[in-house]
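The values are calculated or read from the model by the stated rules, or taken from the named source; none is laboratory data. Quick caveat, the model's predicted, so the values are computed rather than measured. Virtual Cβ from ideal backbone geometry, glycine too; neighbours counted across all protein chains shown. Ligands, DNA and RNA are stripped out before the accessible areas are found, and what is left, the full protein with its side chains, is counted by its heavy atoms. Shrake-Rupley method; radii C 1.70, N 1.55, O 1.52, S 1.80 Å.
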Amino acid sequence: MTTPVVLTERINRIEPSSTMAAAAEAEKLRQQGVDVVDVTAGEPHFTTPQHVKDAAIAAINGNFSKYTAVGGTLELKDAISKRHGTDFGSAYKREEICASVGGKHALFNVISVLVDHGDEVILPVPYWVSFKDMVRYVGGKCVLLEADEAQGFRITAGSIARLITPKTKLIILNSPSNPSGAVMSPSDMTEVIRLAHERGIWVISDECYVYLNYTGKNFSVGSLTEYRDRFLVVGSLSKTYAMTGWRLGYTLGPAAVISAVQKLQSQSTSNPTSIVQKAAIAALNSSQQCVDDMRKEYIQLRDHIVTGLRAIPGVKCTMPEGAFYAYPNVSGFFGKSGIKSSADIANGLLHRAHVATVAGEGFGTTQHVRISYATTMQNLDKALERMRKYFEEL
Ligand SMILES: Cc1ncc(COP(=O)(O)O)c(C=O)c1O
């Protein structure tokens with residue numbers, strides 16, 4: 001007889017990441033020999049730039065293999081500060097920066113130190129899958145704000161203000177957004193930051209896709225120095241430099257919060273990998289041409305997938321202004337062939353058309369599927385052709 005495993009109430013509150021589950025499902029089919037076109041990936045199809053790899057190799061050969069300071073070396077903190085200051089006009093000091101094991105880790109840390117049991121967290125929908133579960137894990141309550149699809153999933157300070165209660169502790173912003181690709185205008189973001197500051201509410205601005213903004217108006221809330229005691233910026237090298245597996249992200253914010261984040265990190269992972277820190281310094285301090293080149297290719301891929309999706313009768317697709325996801329609305333097919341939700345569509349696409357997408361449910365909407373266009377044009381064409389056929393036959 002096996003002993004039942006009793007887990008904590010807090011771990012039972014959360015679910016596995018739906019994007020990772022979708023990718024695993026696609027992999028299972030692939031193992032059975034099925035030719036699956038996988039557009040679930042939340043990561044660049046590019047390889048890490050050579051100069052970044054060279055810096056890591058030099059770090060290994062130079063035996064840079066000991067523990068470092070918990071929140072990263074001073075050299076790394078300076079590189080993060082300089083890059084952010086140059087690009088966005090911010091001015092973060094060393095004690096206002098903590099490097100972590102990816103942006104996800106940075107977010108987990110910040111949410112853990114800011115959100116207490118019963119606190120409310122305003123979360124725009126659609127949201128990146130992990131926000132909800134991180135908030136729930138620490139005992140917080142998500143208060144969902146439906147972004148208006150007809151207005152490109154816009155979120156405004158006015159719509160947030162309506163959800164504020166005495167229990168509101170935190171607002172989470174993510175621009176450019178995963179999954180919708182929506183980009184908040186600098187003025188909308190400033191208004192939200194100003195509102196939060198006025199009401200004594202924290203803001204986390206997840207800017208993991210900040211360099212993949214196709215509006216021509218790159219913006220970080222980090223530039224709003226007059227409100228800086230109320231917000232944190234979370235950044236990541238994952239998407240910017242095609243370094244998802246390397247795991248390097250960071251938090252920028254008030255020294256007291258950063259100190260708490262470092263305390264937590266000192267009791268969990270300690271420093272992000274020493275070698276990766278050296279690679280990150282090379283990425284941040286060198287020419288940013290590689291970022292620009294990737295950005296240009298994403299724009300072409302985006303235009304291609306959106307044009308292709310819009311050409312499929314019944315599919316509606318808002319133009320994403322950043323990141324590398326299209327978030328088409330497929331509710332036009334509900335009621336056909338027993339389809340009730342986007343989960344049914346994602347399931348049909350995978351098993352009948354052999355195209356792996358992620359259902360909108362994981363992002364808090366029931367009418368969409370997420371398609372990552374961080375792949376080749378050929379793959380996108382293959383996905384589009386199969387999708388067109390699948391939808392036609394419904
Ligand atoms: C919105 C958003 N934030 C944070 C992350 C975390 O990225 P990483 O942990 O690789 O830095 C992701 C990754 O998919 C993301 O999409």
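Things to note:
- For the chain, the relative contact order is 23 percent, taking Cα pairs closer than 8 Å that sit 6 or more residues apart in sequence and dividing their mean separation by the residue count.
- Residue order by solvent-accessible surface for Tyr67, Tyr92 is Tyr67, Tyr92, largest first, with ligands and nucleic acids left out and a 1.4 Å probe.
- Stretch gain in nm, segment Ala255-Leu394, where the contour uses 0.36 nm per residue and the Cα spacing is subtracted: 44.4 nm
- Under 23 Å from Lys340, Cα to Cα: lysines that are on another chain or at least 8 residues apart: Lys316, Lys389
- Gyration tensor verdict on the stretch 331-372 (Cα atoms; rounded if a/c is under 1.5, prolate if a/b is larger than b/c, oblate otherwise): oblate
- Proximal lysines relative to Lys169, as straight alpha-carbon distance under 23 Å, when same-chain residues fewer than 8 apart are discounted: Lys104, Lys132, Lys141, Lys263
- Highest-first arrangement of 246-255, 172-181, where packing means the average Cβ count within 10 Å: 172-181, 246-255
- Ile275 accessible area, 1.4 Å probe, all protein chains in place, Å² to nearest 10: 40
- If you sort Arg352, Arg370, Arg162, Arg388 by accessible surface, 1.4 Å probe, largest first, the order is Arg162, Arg352, Arg388, Arg370.
- Solvent accessible area, Å² - Glu207, 1.4 Å probe, full protein context: 10
- Solvent-accessible area of Glu9 with every protein chain in place, 1.4 Å probe, in Å² to the nearest 10: 120
- Computed per residue of the chain from DSSP H runs no shorter than four, each worth -39500 (n - 2.57), the mean residue ellipticity at 222 nm is -12000 deg cm²/dmol.
- Projected label distance in nm at Leu74 and Ser286, using a 7 Å step from Cα toward the beta-carbon: 2.6
- Projecting the Cα positions of Leu248, Ser177, Val37 onto the charge dipole of the chain (unit charges on Cβ atoms of Lys, Arg, Asp and Glu, taken about the Cα centre) puts Leu248 furthest along the positive direction.
- Given +1 at the Cβ of Lys and Arg, -1 at the Cβ of Asp and Glu and no other charges, the dipole of the stretch 48-102 around its Cα centre is 60 debye to the nearest 20.
- For peptides 316-324, 47-55, sequence by mean Cβ density within 10 Å, most packed first: 316-324, 47-55
- Ranking Ser342, Ser223 by solvent-accessible area of protein heavy atoms (1.4 Å probe, all protein chains present), from largest to smallest, gives Ser223, Ser342.
- Prolate/oblate/rounded call for the stretch 1-124, Cα gyration tensor, a/c under 1.5 rounded: oblate
- On Cα atoms only, tilt of 74-88 relative to the major axis of the chain in degrees: 60
- Once the Cα-Cα distance is subtracted from the 0.36 nm per residue extended length, the Lys28 to Asp54 segment shows a gain of 5.9 nm.
- Remark: spin-label model distance Lys336-Ser185 equals 3.6 nm, labels positioned 7 Å along the Cα→Cβ axis.
- Look at the Cα gyration tensor of the stretch 244-355: its axes a ≥ b ≥ c give a/c of at least 1.5 with a/b over b/c, and that counts as prolate.
- Extension gain, Asp293 back to His117 (0.36 nm per residue minus Cα-Cα distance, nm): 58.9 nm
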